[in-house]
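Engineer: Input: one structure, supplied below.
The values are calculated or read from the model by the stated rules, or taken from the named source; none is laboratory data. Since this is a predicted model, take the numbers as computed values, not measurements. Using ideal geometry, Cβ is built from the backbone for each residue, glycine included, and neighbour counts are taken over all protein chains shown. For the accessible areas, the whole protein counts, side chains as well, though only heavy atoms, and no ligand, DNA or RNA atoms are used. Shrake-Rupley method; radii C 1.70, N 1.55, O 1.52, S 1.80 Å.
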Amino acid sequence: MKNYIEFKTNFLYYMSIENNFDQDLYYRLLAFCDKDKQNRINSMRFNIDKKLSLYSDILIRKLLCNAINIKNKELQFYKNKYGKPFVKNTSINYNISHTHNALVVIFSESEVGVDIEGIKDVDIKIAKKYYTEEEYNYVILKNSNQHFYEIWTKKEAFVKYVGNGLNISFKSFNTLSDDINCNMTTFLLDKYLISVYGKKKFDRKNLIRLKEEFMKEIYF
């Protein structure tokens with residue numbers, strides 16, 4: 001089946017996204033989302049943001065349908081009190097992240113957090129506002145945008161793993177400490193930095209690249 005994609009836990013699904021906008025495909029895929037999600041996506045200003053949000057949602061739906069053998073309309077998505085999403089009546093955990101122009105989706109048997117960021121110019125000194133002293137000194141010593149985003153993605157992934165949202169200050173934990181770093185995986189893919197944090201350390205070899213053209217083949 002062309003539109004079948006194998007579900008694998010502890011694998012990271014990665015897709016790079018072009019800026020072009022196929023309106024027919026957009027509305028066909030949007031119909032598979034719930035009304036609330038449709039409204040949120042339609043309210044986005046830029047088409048690339050609409051695509052990233054829509055494609056992430058559709059990939060999660062397709063993979064979960066394959067994993068637990070149910071129909072798309074039977075999927076029930078909820079959020080905890082901090083806004084972390086989960087699916088009712090399944091032990092599968094998932095997390096998503098996207099940036100211009102790429103997205104990542106990961107599934108796990110336990111809590112997991114992922115973040116992807118494009119490496120761009122940044123005033124490294126702003127690290128002092130968000131990073132611990134050790135993290136700040138690390139970034140200043142390296143003096144590179146890549147190392148700034150290395151710490152940033154680690155912090156995002158850890159916060160998303162914990163699931164407490166904005167209730168955790170970035171300065172309240174040190175991603176370079178052994179107790180956090182032992183379960184953190186950070187790597188460069190194309191022009192993006194990706195960090196994954198979970199109870200089980202992610203193996204970067206467990207990567208599945210998807211082409212954007214695959215979205216045209218998805219049906220439920």
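Engineer: Can you run down the residue pairs with Cβ atoms below 6 Å, 6 or more apart or on separate chains, where the first is in the range 193-220 and hydroxyl-bearing (S, T, Y) and the partner is assigned to a strand (DSSP E or B) and open to solvent by 40 Å² or more (accessible area, probe 1.4 Å)?
Structural biologist: Qualifying pairs under 6 Å: S195/T186.
Engineer: Would you please list the contacts, defined by Cβ atoms under 8 Å and residues six or more apart or on different chains, that run from a residue in the range 70-86 that is touching a residue at least 24 places away in the same chain (Cβ under 8 Å) to a residue that is open to solvent by 80 Å² or more (accessible area, probe 1.4 Å) and not hydrophobic (A, V, I, L, M, F, W, C)?
Structural biologist: F77/K88; Y82/N167
Engineer: Of everything in the range 143-169, what is acidic (D, E) and either modelled with pLDDT under 95 or within 14 Å of the chain's Cα centre (by Cα) (or both)? Give them in sequence order.
Structural biologist: Keep residues of the range 143-169 that are acidic (D, E), which gives 150, 156.
E156 - this is the single residue of the range 143-169 that is acidic (D, E) and either modelled with pLDDT under 95 or within 14 Å of the chain's Cα centre (by Cα) (or both).
Engineer: Further question on the same structure: Is it true that some residue in the range 22-34 is closer than 30 Å to D203 by Cα and open to solvent by 50 Å² or more (accessible area, probe 1.4 Å)?
Structural biologist: So in the range 22-34, the residues closer than 30 Å to D203 by Cα come out as none.
No - not one qualifying residue is present in the range 22-34.
Engineer: Mind counting the residues in the range 24-50 that are acidic (D, E), closer than 21 Å to Y78 by Cβ and free of Cβ contacts under 8 Å to residues at least 12 places away in the same chain? If you could, list the steps in order and put the result at the bottom.
Structural biologist: Applying the first criterion (acidic (D, E)) to the range 24-50 yields 24, 34, 36, 49.
When the remaining residues are screened for being closer than 21 Å to Y78 by Cβ, the result is 34, 36.
From what's left, free of Cβ contacts under 8 Å to residues at least 12 places away in the same chain: 36.
The total comes to 1.
Engineer: Do you know which of the residues in the range 82-110 that are among the aromatic types (F, W, Y) and within 13 Å of the chain's Cα centre (by Cα) is most open to solvent (accessible area, probe 1.4 Å)? Talk me through it step by step, then tell me what you get.
Structural biologist: Applying the first criterion (among the aromatic types (F, W, Y)) to the range 82-110 yields 82, 86, 94, 107.
Checking the rest, the ones that are also within 13 Å of the chain's Cα centre (by Cα) come to 94, 107.
On the way: Y94: 18, F107: 0 Å².
Residue satisfying both the conditions and the ranking: Y94.
Engineer: Right, something else. Can you confirm whether G113 is modelled with pLDDT under 95, small (G, A, S) and crowded, with 16+ Cβ neighbours inside 10 Å? Write out each step before concluding.
Structural biologist: Values: modelled with pLDDT under 95: no; small (G, A, S): yes; crowded, with 16+ Cβ neighbours inside 10 Å: yes.
In short, no.
Engineer: Further question: Residues of the range 174-192 being farther than 17 Å from V112 by Cα and not acidic (D, E), which ones? Don't jump to the end; show me each part of the working.
Structural biologist: Pass one, the range 174-192, residues farther than 17 Å from V112 by Cα: 174, 176-178, 188-192.
Within the range 174-192, N174, L176, S177, L188, L189, K191, Y192 meet the criteria.
Engineer: How about the range 119-220: which strands (runs of 3 or more DSSP E) wholly inside it have at least 1 residues that are open to solvent by 20 Å² or more (accessible area, probe 1.4 Å) and out of contact with any Leu (no Cβ under 8 Å at 6 or more places or on another chain)? Talk me through it step by step, then tell me what you get.
Structural biologist: Details: elements: 184-189, 192-198, 207-210.
Output list reads 184-189, 207-210.
Engineer: Please go through the range 54-81 and give me each residue that is open to solvent by less than 40 Å² (accessible area, probe 1.4 Å), basic (K, R) and out of contact with any Leu (no Cβ under 9 Å at 6 or more places or on another chain), ordered by number.
Structural biologist: K62, the sole residue that qualifies.
Engineer: In the range 51-97, how many are hydrophobic (A, V, I, L, M, F, W, C), more than 22 Å from Q23 (Cα to Cα) and assigned to a helix (DSSP H, G or I)? Break it down stepwise before answering.
Structural biologist: Of the range 51-97, the ones hydrophobic (A, V, I, L, M, F, W, C) are 52, 54, 58-60, 63-65, 67-68, 70, 75, 77, 86-87, 92, 96.
From the residues that got through so far, the ones that are more than 22 Å from Q23 (Cα to Cα) too are 63-65, 67-68, 70, 75, 77, 86-87, 92, 96.
From the residues that got through so far, the ones that are assigned to a helix (DSSP H, G or I) too are 63-65, 67-68.
Residues that pass the stated criteria total 5.
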